[in-house]
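Working notes, beginning with the structure itself.
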Amino acid sequence: MDLALTDMNISPLYQWVARLIAPAFLSLVITILVAAMIIYEQQKSQRQLQHHDLTLQSSQLADWLDTNFSLINTILIEVKPDNALCDQETLFELRSMMFNIAPVVEIGIVSSEGVLSCTSWEKHAERIIVEKPPAQYGLRFNGPLMVQYMQQPAFVVARTLSDGSEVNALVRMSWLKNQLRNKTSELGFVALINSETGEPLVNNGHYSEPKTEQVLPVYQAKTIDDLFKNGRRQVAAYTPLATLPDLTLVVSEEQQILNSFESRYSTLWYLVLLGLWGLLTTLFYRLYAFLSDSSHQLKKAISNRELINHYQPIIRSADKKIIGAEVLMRWRHPVEGIKPPATFIPEAQEKGLLNQMTNLQIELCLKELQPIFDRSPDFVLTINISLSHLRSKAMVEALIKASKQIPKLALEVTEDVLIDTEALYVQQAFNRFSAEGIEIAIDDFGTGYCGLSYLSQLPVTYLKADKSFVASLGTDAMNADVLKLITQFSQRMKLITIAEGVETIEQAQILDGLGVELHQGWLYSKAIPANKLLDMIEDNDVVIQELETTLPD
């Protein structure tokens, strides 16, 4: 009787398993066959796709360089033959042009006889003989040349004017190298070469040429898969520059690196994992997508009020008084701790969350700084805004409403925002701000392409000199000279200069000598919570702490 019951219990289970074996086995076979076909086709087309990606990288980087050289060309075209007189007005125009072109360190004028008349720095009293300008129309290059007074190599971009004279611009070789940096692995290279000879002018990596296939001269974009003279098989994408056809950008990678996954993992290993991958992906995809969605995390941070304000004091160096502060947002992450803005602001901007974050930032400012506002009616609070804020009428109204409770509100914008001032919404927003007594500060001034024409159109009060210029004070770096020009420019425009990133006493003393009396940086204080800022103001306690190393804001 017991045996019969056992047989009766096993039989249905056996039948159920038996029914599943056939379709399960068939499904497994079909899955393996389909997976094998997919992997085969992927391996077959992988090289073409990687060649395409390499070509795209070369094209995009070449387009970026063309954009910069086109900007330089536009500036050089503005120079007229009568500028060769090099009077004070011409020198000022040349210096003003430099503010529109970040990579250019000098603009010069050469007479038709080959005599250097002047540069954006000065008019040369002595007769300096240089190469006679060729009768060549359009933009051309020369170099790299060693600039004697800088002892640094430079790339010369020039145009011949209608009277046979020449206007040229010196482009830092270090700037060109920075554009090629981090674009390749240790076995590849990125280079800017002469289209005729193949000689590399700027190179990052192990430059080499194809051993068998003829690629020079380069007249059009091409991709080469060949054995190179360095003994390695490499793929190289050649893209001539549209602005300077005599120059070609080359992006190359070793074939072994491009196809590295094929040599590391066997096809069988992929087949074994494919079934598990499909099962786990089906079960956990939605949960993973939900939990890993960065916009969801940011929205949750806003609703949970995990975003907090820190304030970096602005110091008047003459008496070490705190006259204001810049508000900077931090994320008090429940797992990762305090996160700086660089780790989440770009994502928030991409996801359209900046306005919500700024509303919370304003709310916290009004709550935390009210004791400071009550006792210091001249206290300046600066808030960073972007184009997304200016596009929103609600955000503009929120800022104006906040200015009613903040004694002196200044909005920090970067130079790229000013370039968009022709947009109606930008002009309307700035006009509203000006009418309500809200001041405008240009943040990181000197690092973008903002020129005199933009500044003259806007009610700008402050120029915040970028910390990269301040860091170069006391050195022979070109940035130190640029900062001096910025301070002169600010004084000429009757603007107030605020120096960011002040970290040493020497920097503070040099800035004082230049007439820059408003400082902001780790020499005085890092960005701190509101209670600590209030303590500093009440105690009138600004402790000078010279740093041994550069620390982030």
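In the stretch 216-231, the residues that are in contact (Cβ under 8 Å) with a residue 12 or more places away in the chain reach residues that are charged (D, E, K, R) and outside any loop (DSSP other than H, G, I, E, B) with C-beta atoms within less than 8 angstrom, at least six apart or across chains, in these pairs: Asp225/Arg47; Asp225/Arg233; Asp226/Arg233; Leu227/Arg233.
Which fully enclosed strands (runs of 3 or more DSSP E) of the stretch 302-408 have 1 or more residues being aromatic (Phe, Trp, Tyr) and out of contact with any Ser or Thr (no Cβ under 7 Å at 6 or more places or on another chain)?
Details: elements: 307-316, 321-333, 337-339, 380-384.
By residue number, 307-316, 321-333.
Mind listing whichever residues of the stretch 122-146 are free of Cβ contacts under 8 Å to residues at least 24 places away in the same chain and farther than 23 Å from Thr243 by Cα? His124, Ala125, Glu126, Arg127, Ile128, Ile129, Val130, Met146, listed by residue number. Does at least one position in the stretch 310-329 carry a residue that is over 22 Å from Ala499 (Cα atoms) and either of a type outside the set (A, V, I, L, M, F, W, C) or surrounded by 12 or more Cβ atoms within 10 Å (Cβ to Cβ) (or both)? So far as the stretch 310-329 goes, no, none of its residues is over 22 Å from Ala499 (Cα atoms) and either of a type outside the set (A, V, I, L, M, F, W, C) or surrounded by 12 or more Cβ atoms within 10 Å (Cβ to Cβ) (or both).
Cβ-Cβ distances below 6 Å connect the following pairs, each with a first residue in the stretch 361-389 that is at negative phi, a second residue that is part of a loop (DSSP other than H, G, I, E, B), and a separation of six or more residues or different chains: Leu366/Gln405; Ile372/Phe379; Phe373/Pro407; Pro377/Pro407; Phe379/Pro407; Leu381/Ile406.
The number of residues in the stretch 150-179 that are within 16 Å of Leu94 (Cβ to Cβ) and part of a loop (DSSP other than H, G, I, E, B) comes to 2.
On inspection, Leu495 does not qualify as at pLDDT below 85 and either under 22 Å from Trp121 (Cβ atoms) or buried (at least 16 other Cβ atoms within 10 Å of the Cβ) (or both).
Assess whether Val79 counts as being crowded, with 20+ Cβ neighbours inside 10 Å, under 36 Å from the mean Cα position of the chain (by Cα) and either among the aromatic types (Phe, Trp, Tyr) or assigned to a loop (DSSP other than H, G, I, E, B) (or both). For Val79, the condition - crowded, with 20+ Cβ neighbours inside 10 Å, under 36 Å from the mean Cα position of the chain (by Cα) and either among the aromatic types (Phe, Trp, Tyr) or assigned to a loop (DSSP other than H, G, I, E, B) (or both) - is met. When Val502 is tested against (1) in contact with a strand residue (DSSP E or B) (Cβ under 6 Å, 6 or more places away or on another chain); (2) within 22 Å of Val104 (Cα to Cα); (3) part of a loop (DSSP other than H, G, I, E, B), just one condition goes unmet, and that condition is (2). Restricting the stretch 188-227 to residues that are of a type in the set (A, V, I, L, M, F, W, C) and outside any strand (DSSP E or B), the residue that is nearest to Val251 (Cα to Cα) is Ala221.
Which members of the stretch 332-364 meet the condition of being more than 19 Å from Leu390 (Cβ to Cβ) and more than 22 Å from the chain's Cα centre (by Cα)? Passing the criteria: Arg332, His333, Pro334, Val335, Glu336, Gly337, Ile338, Glu363, Leu364.
For the stretch 112-141, taking the residues that are surrounded by 13 or more Cβ atoms within 10 Å (Cβ to Cβ) and part of a strand (DSSP E or B), the one that is farthest from the chain's Cα centre (by Cα) is identified as Val115.
Can you tell me how many residues in the stretch 210-235 are exposed (fewer than 15 other Cβ atoms within 10 Å of the Cβ) and small (Gly, Ala, Ser)? Total satisfying the criteria: 1.
Scanning the stretch 72-122 for residues that are within 28 Å of Ser468 (Cα to Cα) and charged (D, E, K, R) turns up Glu93, Arg95, Glu106, Glu122.
The values are calculated or read from the model by the stated rules, or taken from the named source; none is laboratory data. What you see is a predicted model, and the numbers here were worked out from it, not measured in a lab. Virtual Cβ from ideal backbone geometry, glycine too; neighbours counted across all protein chains shown.
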